[in-house]
Structure formats: structure tokens, C-alpha cells
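Below is one structure; the comments refer to it alone.
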Amino acid sequence: MHVLYEDAGKLKAETIFSEADTSLQVESASGKRSKIKRNAVLFTFEQPSPDGLLPAAESLAATLDAGFLWEVAPQQEFEAAALAEDYFGHAPDAVEKTATILALSAAPAHFHRRGKGAFRPAPPEILQAALAAIEKKHRQAEQQAQWTETLLAGTLPEALRPVAASFLDRPDKNTLEWKAFDAAVQQSGMSPERLLLSLGVWPHPLAMMRDRFLTAHFPRGTAWPSVEIQAWGAHLPRADVEAYSLDDASTIEIDDALSVTIPEPGTVRVGIHIAAPALAVTRGSALDDQARARMSTVYMPGDKIPMLSRELIAAFSLDEGQWRPALSLYVTGRLSDGEILDTETRLESIRVTTNLRHGQIDDQVTEAALDDPGAALPYSHWLRPLWQFAKAVGAVRDRARGRPENNNRIEYNFEIDGPPDDPDSIVRLVPRQRNAPLDRLVAEYMILTNTQWGALLARHGVPGIYRSQQAGRTRMSTQALPHESIAVPQYLWSTSPLRRYVDLINQSQIMAAAEHGVSARLAAPFKPKDADLFALIGAFDSQYTLWGEFQSSMERYWCIRWLQQQGMKEVLAHVLRENLVRLACAPFVTRINGLPEFERGQALRLDILSVDEIGLDIELRLREPV
């Protein structure tokens, strides 16, 4: 004797081995025995064999029409065996009963299961709605298949055109459009980016990169609402200083300028003058909300998205010949050993004499010319004393660190001749020694300013956003902790308030400390333990990282374009570690699969096999060590 029973929603036919009151022991065709409950049994049978029952029933069930069964079935709950007898016109055999059960189970729109072998026909209105839904789903499946076929043929269907650009970063995976595209990706073996580019969603990888970034982070565009310019800082005293700024040719936000006087032989009084947009961008104002939304200027080769509106930048940028509000730090120090004798922070108005540009004077300002009083040197009355004191305070940091600072790496400026969104624009990589005299000079005074103003806030108990480094880990916090690699007791960002929101916040705190002294902690925009300041740190860190990653990606892209434009077939590179190398001619780091082990710094001559503008990588092969 054999039995048909349900196990986890599936029908099984096996031979009865033994029986008890509430259970049976059955044996499969393979000889495996199992115990089943009697209430799971649908019926017992002698013919056909268990392994032949289900295949025969499935074949017969395929010929049964669910619609006809629904028409002839009773309108109340019924047993499948009873319907089988009515349908076939005789007492059904095991195959016919099983086929009926399978046909009814396979038509949930027509029949609702009511228990073991029992069903109830769906009411007419529910059946019609279910059939309409099934028909709609069938049409959608056909439409999806048609779209997928069109995509694989290399054409973007019109219905997908408005949403195709969203497939990479913010797809609605419940839509037919996405499902059709996803199927095309799976069947083509292409990455989503390559498939979309091949379909013409973007004309080239550069457009794809820019569009994805701008859509994700600037969905309303990059333009600012117009700003009503006010006479910010008009009441401030005018400083009697001869100040100069020093920036790249493309810089429009002149954040800082330097002045210097000689109070007496052997000492200098250096003025570090920082643009003061915190006068306008006050906590909680509309301008503050706008700056906080961006957190930082976004940089990319040949282009930038400013943190502040251009009107606001124009009102506070330290442009030559214009009186502009500035937060100034005056440092009096000894040239012989770099000792700080006195500091003073003052909110005032300054007029920069000249906005100097690196390209104008870099070649003339050498270390030898700065150290030789008789050598020809532009702006020597300004540069030489600044250089002497910068070297002295830098030596103090070197002694605290226990070793000289390693700044020998070459950095590159990207210059784009043509629109920055056109891949055919000519790109130039302009190398610049990181420890070039002018860079060292400016960097030293920015470090000095950020250190002294960090100490000012800590001294008055005014919270600020500090950057510390301990045990090799750099982090931002409200605690004035040491920065090991810079070798200072505390350090914060405050010298780029036109470009970074953290600097802007710190500037407002520094202004309060300079004006109110010991009572500044009560007058500052952010009071001690202000929860918003802690939240701001996390938000800035996250967004600043995103901006940096985008800049790095764009620089990798333009490095690849530069290699192509130069027609280079081989390059020189140096080993960083294992199979990681840095090109000697461009700021590009990549891995070489199968590279033999070399010492760090080993020079290698490499063949360029291919470039990948989408993956932002270069395939290289070792030719020979140099």
C-alpha cells in the first residue's frame, strides 16, 4: 500500500512500511524511511507505483483548465476528490485525484485552500480582480523582456531615458525600468557604468562622474541665492601695515596675507591677516545655513564649487588695494631661536598691497637668494625677515619632533586649457616641490597661527574644533590635544574661513575670545559642551571626506587623460610597498599584478598596456628595474 501526503507544502508519494494510531512509517524509492503524521495523509492507493504517480499526475494536471474547473465546482467548500469525480464522470483513480489537487493548488486566483485536500472557489469579484492583476503582471513581464532585449541590442528605450541616470546611485529597484536594466547587466556581463555609457546616457566617463556627483550632492544646482552686501566691518580700525598675499593663479578666495616689521634688531613682528567672513556668517543665520550645507569648497582640476556665494567671497576676500575686515594675529619673536615673545589678536581692517601669485615669483625666490642679503630678490624687504623667522620657528618644531619634517615629495597642480567638463581639453601637470621656500614660508605661518589661536581658545575656556594626532591617528574634537606630526601642543583649522566651515566656526569663537577675554566662554556663539558643536564635527568630517574622494577621482581621471594626450607608452615609477607603485611623472598610484618583490623606493620602467577611464586605472607591466 502507498500513500500520498503533504510535507512542507509539497506532495510526496511513498510506500507504507508500518502504521500506528497517529502516524505512519513510510519508505521512499531510495530506501530512506521517515515518520509522518496521519493527519498529513491525503489518501492511500495501490496503483500506480509511488515514483510514477506524481509525474503522471503533473502531466494530466497540465490539461485541466482552471477556469472550467471554477465554473463546475460547488460554490461552497469542497473536497478535491469530489470535484475529480464530477469532472471525470467516475470514481477517480490515484492519478486523477492527484492531478485535480495539483490543478487546484496551481490556481490560487480561482481556488483558496481550506485545509487538507479541501478548497473553496474565489468569489467572482475577487476572481476578476486577481485575473486582471495576473494579466497586468504578464504584460509587465513582456514589456520588461522587450526593454531588456532593446538594451542588449545597444539602444536605450525612450521610457528608460528619464530615469537611466539614476540607475547607478539611487535606483528604484521595484520599477520595471530598473528590472529590465538589471537583467541587461546580468546578461551582457558588462558593469552598469559601461552599459550606460555604451547606451549614450552620458557622452563620456567625465560627464558621468560629474553628473553623478552633482546630482547626489547638489540636486538643486551649485548656484547660491543672491546675497545683499552690507558694510561688514566698516567700523573697524584700519591697520597701518604693508601686507602681501601669496596664492596660486586660480585662487579667488584670498584667505590670508602676511606683513612684517622690525621693532628692533634681532626681532620681528609678523602679522598674519585672515579674511573675516564670520562677521556676516553668524550662527543660525541664512548665510550660516548655506555654508553649513556645503561645509567646504569642492575642488577638482580646472573647476571648483565655492562654499560661500561669490558675492560674499568678493566682500571678504583680501583683494589687493581694497580695505577688507580681517582677524589678525601679531606675533613678536626672536630671529635667533624662534622664541615667541608676544602675541596679539585683533579684529581690524587691512588693505593688501599686492596679491602675489606663485607663477610670478617662484623661480626667483630660491633658498639661496633668501639666505643671501646681497642677492637679487623681489619683495626682499618683506620676504627675507619672514623667511628667517619661519626657519627659526620651524626649527623649534623640528626639535620638539626629534627629527626634521619630511616634505620632499613633489606635488602637482592641474591646469586645464578649455572647459573642465570636456575630456578633450588640454591638461597640464605642473610639478611643485612641496618644501619649496615660498610654500614652507606660508605653511609655517599658518601652522603658527592655528597653534596660537588654539592656545587662545583653550586659555579662555572657549570651545573650538581642534585637529589632533596621537599614535598616528588624526581626529577632530573639541579638546586641545597635541598634533604629533606637526609637533605642536594644540592645533586647529582657522586660516581658511572662506573655504572651510570649521575654520569659519573657529573664527567666530576666536573673535569672541579676542574681544571678551576671560568672559568669552559666555559670549561666544558656541558655549562649552554645546551638543551642536559635537554634531558639526561629525557632519564636517563625513562631508569633507566625500569632497576629498571626489577630488581624488577627478585627479586620477585627468592623470589618465594627460598620459593619453602625451602619447606615453612607458613610464617611470617607484615602489611604495609590495605591488603598489607611484608614477614619477604624475600624481598617480596603482597596483601591478604579479610584480616581483622590490625594496621601497626602487625605480621601475613600466609599459602602459591600457587605460581605463571608467575604472580610473592603468594596466602596467614591468619592463625593467632602473
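The values are calculated or read from the model by the stated rules, or taken from the named source; none is laboratory data. As the structure is a prediction and not an experimental result, all values here were calculated from the model. Please note: Cβ atoms are built from the backbone with ideal geometry, for glycine as well, and neighbour counts cover all protein chains shown. For accessibility, only protein heavy atoms count, side chains too; no ligands or nucleic acids. Shrake-Rupley method; radii C 1.70, N 1.55, O 1.52, S 1.80 Å.
Side notes on the structure shown:
- In the stretch 533-612, the GluC sites (Glu not before Pro) that fall in loop regions by DSSP, at most 16 other Cβ within 10 Å: GLU578, GLU597, GLU599
- Residues of type aspartates and glutamates that LYS304 reaches as a straight line, Cα spacing below 17 Å, ignoring anything fewer than 8 places off in the same chain: ASP211, ASP247, ASP248, GLU253, ASP255, GLU415, ASP417, ASP421, ASP422, GLU549, GLU555
- The calculated FRET efficiency for ASP337 paired with ALA603, based on their beta-carbon distance and R0 = 35 Å, is about 0.30.
- What separates the Cα centres of the stretch 343-376 and the stretch 517-576 is a distance of 27 Å.
- For the stretch 178-227, the share of accessible area belonging to carbon and sulfur comes to 49 percent (1.4 Å probe, ligands and nucleic acids excluded).
- Cα-derived Rg over Rh, computed across the stretch 278-408 with Rh taken as Kirkwood radius: 1.03
- Relative contact order, percent, the chain [alpha-carbon distance under 8 Å, six or more residues apart]: 8
- Taking the C-alpha atoms only, the angle from helix 94-105 to the longest principal axis of the chain is near 40 degrees.
- Built from the Cα atoms of the stretch 362-447, the convex hull projects on average onto 7.5 nm², one quarter of its surface area.
- Ranking GLN47, LEU64, MET568 by Cα position along the charge dipole of the chain, where only Lys, Arg, Asp and Glu carry charges on their C-beta atoms, puts MET568 farthest toward the positive end.
- Extension gain from HIS90 to ARG310, taking 0.36 nm per residue of separation minus the Cα-Cα distance: 70.2 nm
- Under a model in which nothing but the beta-carbon of Lys, Arg (+1) and Asp, Glu (-1) is charged, the chain shows a dipole of about 1540 debye around its Cα centre.
- At 1.306 mPa s and 10 °C, Stokes D of the stretch 30-148 from Kirkwood alpha-carbon radius, µm² per second: 99
- Hull shadow area, averaged, the stretch 429-511 [alpha-carbon convex hull, nm²]: 6.4
- Think of each Lys and Arg Cβ as +1 and each Asp and Glu Cβ as -1; about the Cα centre, that makes the dipole of the stretch 490-626 roughly 260 debye.
- Average accessible surface area per residue within the chain, 1.4 Å rolling probe, Å²: 49
- Farthest positive-ward along the chain dipole, Cα basis, beta-carbon charges - from ALA99, PRO265, PRO74: PRO265
- Net +/- balance of residues flanking SER496 in space, Cβ distance below 14 Å, scoring K and R +1, D and E -1: -1
- In terms of overall dimensions, the C-alpha atoms belonging to the stretch 337-377 reach 34, 30, 15 Å along their principal axes, ordered largest to smallest.
- Euclidean distance between Cα centres, the stretch 36-110 to the stretch 178-204, Å: 47
- Pairwise Cα distances in the stretch 106-182 exceed 15 Å in 65 percent of cases.
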